[in-house]
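Reviewing the structure listed below.
The values are calculated or read from the model by the stated rules, or taken from the named source; none is laboratory data. Quantities reported herein were computed from a predicted structural model and do not represent experimental measurements. We place every Cβ from the backbone using ideal geometry, glycine too, and count neighbours over all the protein chains shown. Ligands, DNA and RNA are excluded from the accessible area calculation, which covers all protein heavy atoms including side chains. Shrake-Rupley method; radii C 1.70, N 1.55, O 1.52, S 1.80 Å.
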There are 2 protein chains.
Amino acid sequence: MDVLVPFAAVEPKTRLSTVLEGDERAAFARAMLADVCEAVADAGATPTVLSTAPIESPHAVVVDDRQLTAAVDARLEPPAAVVMADLPLATPAALGRLFEADADVVLAPGIGGGTNAIVSRDPAFHVDYHGASIRDHRRNARAVDASLETVDSFRLAVDVDEPADLAEVLLHGGGRAREWLEDAGFAVRETDGRVVARRD
Amino acid sequence: MDVLVPFAAVEPKTRLSTVLEGDERAAFARAMLADVCEAVADAGATPTVLSTAPIESPHAVVVDDRQLTAAVDARLEPPAAVVMADLPLATPAALGRLFEADADVVLAPGIGGGTNAIVSRDPAFHVDYHGASIRDHRRNARAVDASLETVDSFRLAVDVDEPADLAEVLLHGGGRAREWLEDAGFAVRETDGRVVARRD
């Protein structure tokens, strides 16, 4: 399975700016990208980084500075998959469930309405990453009479966009992204509600 | 499989107080409880509501006003499960994966370090719902040499505690909880980041 891994190379992860400096966000985003590409490869698939600017990577890289939807749609040649670069909890097992699900379109929802991973086996299916994209992707699949399956995975649902998400990496991650956070001094702290990741 | 469903009957869901009045929180919490118990029963298991105060329910109810950990630990007689009452995305399929996982202790993590569901087949295993409970439960399982499996499920990971979680119910729920929110006027609204649930 060919897998596109879209990556925002310039000023990534701006919603983490309250807890990470610009160069830290860049390094952390690269650590997550490396984890995701490795998990994809370990699941027996072939990752290609679809980057908004040239980057160094042990994996294939194609550069397209357009918006996410246009860049992905231009290169998604079914059968193929799209897996976001900010899923540091993704494991080969979770990705295997995605790749092996038997439908024309397979979706893995993200927290907050996003679509964190897609398999498309139907050339008529198009992506649309704006807003509550999981609803749009369901609709787009139905509109072209594609069979649809949803992968129920916490590991694929957790994309790291906001400070609260860093706790998930510390609790459930195992790769470079977790190591980067620990090296940067982050640890899990308890609160009255959900735990958070903080550094002193 | 016998399944305890712990339910806070008095002043439930206080972290939703910025968006729901007290009587609304009570009604919404009951809708979620009904959804969870029905999903448990549809998965072929037998739910017992473990409530902090007497409530009406079509399912068995036992009352224990102690803290969650003490109340659950007193009644968890392996093989048995604990499934939280605020998981309105839980489906029979997701719960089936939990119940059928082959280990002495099976854990379903919640967002933010919680443990949303547990299967225990080892009488030596004890629960501890304080703080980052997923870590404590892993540790407790290891401490008694119980085999451990983790169920990777978005539907079991989403517990509804905070206003942001309501969007997940509207996007992915299918039962009374979603209907209750829609009847109360909530709808999905797009933002610069994750979508939210709002009423006008």
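Taking amide hydrogens as placed 1.01 Å from N in the peptide plane, the amide H of B:VAL3 sits under 5 Å from those of B:THR46, B:THR48, B:ALA81, each at least 5 positions away in sequence or on another chain. The residues of the stretch B:133-166 listed by number as losing at least 40 Å² of accessible area in the complex, against the isolated chain and with a 1.4 Å probe, are B:ARG135, B:ARG138, B:ASP152, B:PHE154.
Applied to the stretch A:130-141, the Karplus parametrisation 6.51 cos²θ - 1.76 cosθ + 1.60 on θ = phi - 60° returns per-residue 3J(HN,Hα) values of 7, x, 7, 5, 4, 5, 5, 5, 4, 5, 4, 5 Hz, with x for Gly and Pro.
If exposed GluC sites (Glu not before Pro) are those in a DSSP loop with at most 15 other Cβ within 10 Å, what is the longest stretch of chain B that has none? With GluC sites (Glu not before Pro) excluded where exposed in loops, chain B gives B:57-189 as its longest stretch. Couplings 3J(HN,Hα) for the stretch A:164-177, derived from phi with the Karplus relation 6.51 cos²θ - 1.76 cosθ + 1.60 (θ = phi - 60°), are 4, 5, 4, 4, 5, 5, 5, 7, 10, x, x, x, 5, 5 Hz, where x marks Gly and Pro.
Solvent-accessible surface of the stretch A:51-162, averaged per residue with a 1.4 angstrom probe and all protein chains in place: 40 square angstrom. Based on Cα contacts under 8 Å between residues 6+ apart, chain A shows a relative contact order of 21 percent.
Let me make sure I get this right: for the protein assembly as shown, a, b and c are the square roots of the gyration tensor eigenvalues over alpha carbons, sorted descending. Under 1.5 in a/c it's rounded, otherwise prolate if a/b > b/c, else oblate. Which is it? In terms of gyration-tensor shape, prolate. For a test of the definition: using alpha carbon positions, the gyration tensor, and the 1.5 limit on a/c, classify the stretch B:108-200 as rounded, prolate or oblate. Note, shape of the stretch B:108-200 comes out prolate.
Evaluated at q = 0.14, 0.17 Å⁻¹, the base-10 log of the normalised Debye intensity for the stretch A:1-114, with identical point scatterers placed on the Cα atoms, takes the values -0.57, -0.84. Pop the C-beta distance of A:ARG15 and B:SER17 into the FRET formula with R0 = 30 Å and round what comes out to the nearest 0.05. E(calc), rounded to 0.05, equals 0.75. For B:GLU149, the residues 5 or more places off, or on other chains, whose built amide H falls under 5 Å of its own are B:VAL105, B:VAL106, B:LEU107. Inter-copy label distances for A:ARG15: 1.7 nm (label point placed 7 Å from Cα along Cα→Cβ; shortest first).
Closest approach of a chain B Cβ to the axis relating B and A (residue, whole Å): B:PHE154, 3. Per residue, the convex hull spanned by the alpha carbons of chain B comes to 111 Å³. Distance between the C-alpha centres of the stretch B:120-171 and the stretch B:40-65: 19 Å, rounded to the whole angstrom.
Annotation: amide H-H contacts under 5 Å for A:THR115 (H modelled 1.01 Å from N, sequence separation of 5 or more, or interchain): A:GLY110, A:SER133, A:ILE134. Applying a DSSP loop filter and a limit of 13 other Cβ atoms within 10 Å to the trypsin sites (Lys or Arg not before Pro) in the stretch A:147-199 leaves A:ARG199.
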